[in-house]
1. Please find the FRET efficiency linking B:Gln614 to B:Ser563, where r is the Cβ-Cβ separation and R0 is fixed at 25 Å, and quote it to the nearest 0.05.
2. What helices in chain B pass both tests, a Cα length along the helix axis of 20 Å or more and a mean Kyte hydropathy of -0.5 or higher, using whole DSSP H runs?
3. Gain in length, B:Thr710 to B:Glu411, computed as 0.36 nm per residue apart minus the alpha-carbon separation, to one decimal in nm?
4. Assuming 0.36 nm per residue, please report the length gained on full extension of the stretch B:Glu571 to B:Asp156 beyond their Cα-Cα distance.
5. Can you list, bin by bin at 20 Å, the percent of alpha carbon pairs in chain B, starting at 0?
6. Using label points projected 7 Å from each Cα along Cα→Cβ, tell me how many nm separate B:Glu136 and A:Lys149, to one decimal.
7. Quick check: residue separation of B:Glu60 and B:Asp583 times 0.36 nm, minus the Cα distance between them. What number comes out in nm?
8. Quick check: the distance between the Cα centres of segment B:125-146 and segment B:234-292, to the nearest angstrom?
Amino acid sequence: MQIELEINGERDTYEVAPATRLIDLLRREGFQEVKKGCDEGHCGSCTVLLDGMPVLSCVMFAAQADDQSITTIEGIGTIDDPHILQREFVDKGAVQCGFCVPGMILSAKALLEENPSPEEDEIKRGLDGNYCRCTGYVKQIEAVQSAAKKMRGDA
Amino acid sequence: MSKTRDFSEVNQNVEKVDGMALACGQDKYVADFETGDELHLKILRSPHAHARIKNIDASEAEAMDGVAAVLTHEDVPRVAQTTAGQGYPEPSPYDSFMLPRKVRFVGDRVAAVAAESEALAEAALEKIEVDYEVLEPVLDPRDSMKEDAPVIHDEDDCHTVIPIPFEPERNLASSVEFEHGDLEEELEKCDVVVENEYEAQYAHHCPVEPHICIVRKDPHGRLVITTSTQVPFHVRRIVAERLEMPEKKIRVIKPRIGGGFGGKQEVLIEDITAAMVLETGRPVKFEFNRREEFASSRTRNHEILDMAVGADTDGRIQAIKMHILMNTGAYGSHCLTIVCNSGSKVLPLYNKANAISFKGTVVYTNLPSGGAYRGYGATQGYFAIESLLDELAEELDMDPVELRKINHIREGETSPVFAALGEGKEGVEQTIESCGLEECIEQGKEAFGWDEREKRRETGDKTKKRGFGMCTLMQGSSIPEIDMAAASIKMNEDGSFNLHMGATDLGTGSDTVLSQIAAETLAVPTDDIIPYSSDTDMTPFDVGAYASSTTYLSGRAVKKCASNVRDQILERGAKMLECDVDDVELGYKEVAGPDGETVSFSEIAVHSLYEADQRQIAAHESSISHKSPPPFSAHFAEVEVDTETGKAEVLRYVNATDCGTAIHPRLAEGQCEGAVLNGISYALTEEFQFSSKGKLVNASFDSYNVYKMTDLPDMETILVPTYENTGPYGAKSVSEIGINGPLPAISNAIYDAVGVRMRTGPFTPDRILEALEE
């Protein structure tokens, strides 16, 4: 079957089988920044934004995303022109192995769009689905707080 | 000795060299090297804990469209080996095979399939007919050495390659013993003696990226193994042995790695994938699914520790007994060294005891194999001793902090344990040259509010009790006189440097930290260092990322190499300035002559490469260590226990850690925080649950809990600077020590809250309720 997706601002048609998962389509099409961690819907590494909302691409069929927009980490910033969240994650030491980071930053982006001034508890709840075994989360919370402040123009 | 120095690149939070590429999803992990032409490898896993394979019929699987090959034990070389990525010859028994004739745990390898897709490979697994002779399993380490216990390794080709205790006919994987003084006599003399048994449970590393490799042949027929490993050079050697081919036919590349924590210090995927490439002539990818990651990789060793501590009425520790029964599971990977570390990284902390009795007995069971895991035996050892010291403090009616303060090792002191317990052989004597533990205790206490803790005890809710616990810790930095690290540096026209090193960055930030050390030595910004690591063709050797070695040992190699390059720069600079080398000075990216004349690094490099008396400015150096200087740490936990549900919640956790000079303070804090949260998660929730037949039943994040962001307590990390003279710019290790504290600190806090001693981990609501009811 054919589906139409807008991925990081580019609209295209893709040939998929009914059972093709979104993560497999994305990685097949070169969006390798979408990471496969547990492959069973728990760890959050495969998070992408579907019309701005975080979803787990490993437990979703590609066809369910038909006619919607998908944002991967590449869609929000580049090495030369990073998103504030990407900058803050690096500066605050929130990136160790980095495997969870694309998913975590996308969850954070969705959170900050809905709630530009989250309390620490709200950040924890918003990013609870993104596992990180390296950092102990301390620096990641700090990065989101700092990014929120900068995005609001407070700093 | 001076505790702070004036540095420009080390002890600074420079930008992590791969940070932005990772945050933008651009840097590559193994899976990102997939090109689409690979076959997919899947392993048929044993459904039985203990069985002999009588016959395998793979004909139906082989005949399936899209299946390229099936390998069974009849098709691959039978080479007894260990999967442990350790220095060679390894102190682990050679008891495992690429494909065994006998399976020893549920999840052991039986056969391998390579097919055009994962789904096809999985379908083919179901078509393989295996006829098993099911044997009685051993599922409790206490039963392993009983007279009538089934023998797990009864094939006569398992052996050891160095003389270490190994009696497979009794299910004894290894053992170690060390006696200092006369324990019984000293205990007899003590005013207070406490003794108890502790049990530290199985657990898993849970890296977010599972084990994965892609193997392909290059145009010259060499095998190129791109793999998620902590030990690329050990992978090359072990795969070469398993496939009976020379190392020159193999190149191992480690790209970015999604975490390891010891689990990737093990050769679990590369051998069979390489064999499949040889069989099919095609590139092959093998990635563990999450069940395999839990059930078929390696684990925290389950240990049962029989402990005693005796002291005089002043609280001076006179005697320590630590007798360990360690369950290594089906294979003895790392088993002797882990049990040794339960003693060697723990007992020297209380070095004034007149008598120490240490015994480690390691037995096989038909359960998943133990292996390296952050803390490496010290985690289990600290649970026992630091909990027992809390019991001792109570007997003595003494503040647990004071008890530590009068007993812990100090600068200028040694312990007989250092010389006695090594890695499969005797250890190396050492005197402590830097110890910030007193300061860690003071600063940790202050930040935690230890002395004011009674004010926080009242919860206002009768069913909720609050308690406070603490512990102190040490670890090591590399394995002395065994581990080796090497680095090479060359200078480029613009005054930048390529830094090539065997050291393995598995997400820890070592590429950054080692670049900082090179930059500090060469007087350039870290940005002028171009690091490249862990490629067996392109970089020098390094044993790999384990034993808390990289910052210390690989850092020493990098510093030595950079110093050599710096000397060459000064020499060339002097020649260009037409003066004596003793009259020039190293400046920031330049060399200055006696009259204030300067030549820039760029001019020096161009001169050396193109202009006169050309000779490349470059060096190669290696380093071994004769010491393993311990980092130290004090941990404090505030815990609330709900007496109705049994739930223990950590409210606040403080760790104050002496890692010498923190080369990158923020990354060092991150190591502490990550290790501590992993430890808290281990203390409160993580465990393996087995069926009555030995099958791991919670092999999923669904049922094996790891701590998520909402589980994070209020956490504070304090870095306490010391200066370790043998380390690069005063640095010691930091990565492992933090995981050792939560089990005892939380256990002690639970006791302080509700008066029950939790001596078996994890401290789940069920266990706490049960203890409360007793």
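1. Working: r = 23 Å, r/R0 = 0.90.
Working from the Cβ atoms, E equals 0.65.
2. Details: long enough: B:378-396 (26 Å, 0.19); B:555-577 (32 Å, -0.46); B:665-684 (28 Å, 0.23).
Helices meeting the criterion: B:378-396, B:555-577, B:665-684.
3. So the extension gain works out to 103.6 nm.
4. Values: separation 415, 0.36 × 415 = 149.40 nm, distance 6.09 nm.
Extra length available between B:Glu571 and B:Asp156 comes to 143.3 nm.
5. Result, from short to long distances: 17, 48, 30, 6, 0 percent.
6. 6.7 nm
7. Values: separation 523, 0.36 × 523 = 188.28 nm, distance 7.94 nm.
So the chain would gain 180.3 nm between B:Glu60 and B:Asp583.
8. 26 Å
Read the figures in this text as sums done on the coordinates, not as results from a lab. Please read these numbers as outputs of a predicted model, since none were measured by experiment. Cβ coordinates were reconstructed from backbone atoms using ideal geometry, including for glycine residues, and neighbour counts include every protein chain displayed.
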